[in-house]
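Heads up: the structure comes next, in structure tokens.
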Amino acid sequence: MATRHDTAAPLAKEGGAAPARPEVVRTTDERRRARMSRRWQRDMRWSPYAFVSPFFLLFVAFGLFPLIYTGWASLHTVELTAPTDMKWAGLHNYTRIFDDDFFWNAAKNTLTMGIISTVPQLAMAMGLAHILNYKLRASTFFRVVMLAPYATSIAAASLVFVLLFGRDYGMINWALHFVGGGHIDWQNDKWPSQIAVSSIVVWRWTGYNALIYLAAMQAVPQDLYESAALDGANRWQQFFHVTLPQLRPTILFTCVVSTIGASQLFGEPLMFDANKGASGGAEHQFQTLGLYLYEQGWVNQHLGRASAIAWTMFLILIVIGIVNYVISRRLRESS
């Protein structure tokens, strides 16, 4: 006769809790998946910061720290021969440069050369972009040619323009003499020297801005041109009434960038000077703010004064940025 060996579950004591269930033991695969999941979450959380950290490290080392240190040095009297020997001067360096006629001369030269170089540069870039926007043979070749001056060394380009604008044997004076004009001293006269230096900037940056305008033109919807053509608009009317309104943000961007570049003009006037000095000519006729800063810091060895000039230029760029923001905001509101 079979005997039952069933065992009853232990009864809980009166007033006591029921016995706990046995814990589920995780397998090795489950623990591995859990570790991989936590690692994946950490990777997704911190990897973007690791990818962008080199930029911020370089920015802090070569951008933020020099900016702060220059601002601190501008409030001290410090010489290039003893850069660690600082004496508190307050705002004396700023009042000193604002009372200096050479500073205002450099600021005026920077303004005039900026206008002379920026306006023709952007106008020519717009025209070249409009031509390249049409279907042309070897269009890629022409685009590469447009970008070639931008990739050329400033020193090499400036030396070539020095030869072109030579007083006695320059090709520009030869061409003027050929058409009945007189010889011009491009390096010693005020306005001719500024025009010559500005021509280097125009030659170097026109193709770069032309490609920016070309990219913006290719983003204009073709439906607008087709509608304008149906209304009887010719090529010029389409350009002025369709293309230019669509390029207003791009034109504003290039104007701001060109203005910032003109305020930092340094290499072209330095190499154009016959004596290769920082004075910008015998009578400072084409000395820019960049050359004036270099002259004060590395020629006259006044690092505190040069730091004040650098911060003044930085504040000018901030004002330009604010003006850009206000104009762009009004353009967005009007559109």
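The values are calculated or read from the model by the stated rules, or taken from the named source; none is laboratory data. As the structure is a prediction and not an experimental result, all values here were calculated from the model. Note that we place each Cβ from the backbone using ideal geometry, even for glycine, and neighbour counts take in every protein chain shown. What goes into the accessible areas is simple: the full protein's heavy atoms, side chains included, and nothing from ligands, DNA or RNA. Shrake-Rupley method; radii C 1.70, N 1.55, O 1.52, S 1.80 Å.
A few remarks follow.
- Taking each residue of the range 319-335 that is farther than 13 Å from residue 257 by Cα and looking for partners that are at pLDDT 80 or above and open to solvent by 50 Å² or more (accessible area, probe 1.4 Å) with beta-carbon atoms closer than 7 Å, six or more apart or interchain, yields 328/249; 331/248; 331/249.
- Lone unmet requirement of (1) under 21 Å from the mean Cα position of the chain (by Cα); (2) at pLDDT 90 or above for residue 152: (2)
- Top-ranked residue of the range 183-201 - restricted to ones that are part of a helix (DSSP H, G or I) and open to solvent by 20 Å² or more (accessible area, probe 1.4 Å), ranked as nearest to residue 152 (Cα to Cα): 199
- Matching residues in the range 57-78 - criterion: being part of a strand (DSSP E or B) and either hydroxyl-bearing (Ser, Thr, Tyr) or open to solvent by 100 Å² or more (accessible area, probe 1.4 Å) (or both): 77
- Residue 328 vs. criteria of a type in the set (Gly, Ala, Ser) and either outside any helix (DSSP H, G or I) or at pLDDT 90 or above (or both): no
Residues checked against (1) under 17 Å from residue 135 (Cα atoms); (2) not polar (S, T, N, Q):
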{"site": "199", "(1), (2)": "no, no"}
{"site": "204", "(1), (2)": "no, yes"}
{"site": "211", "(1), (2)": "yes, yes"}
{"site": "215", "(1), (2)": "yes, yes"}
{"site": "228", "(1), (2)": "no, yes"}
{"site": "235", "(1), (2)": "yes, yes"}
{"site": "239", "(1), (2)": "yes, yes"}
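- Some residue of the range 236-244 being hydroxyl-bearing (Ser, Thr, Tyr) and under 21 Å from the mean Cα position of the chain (by Cα): no
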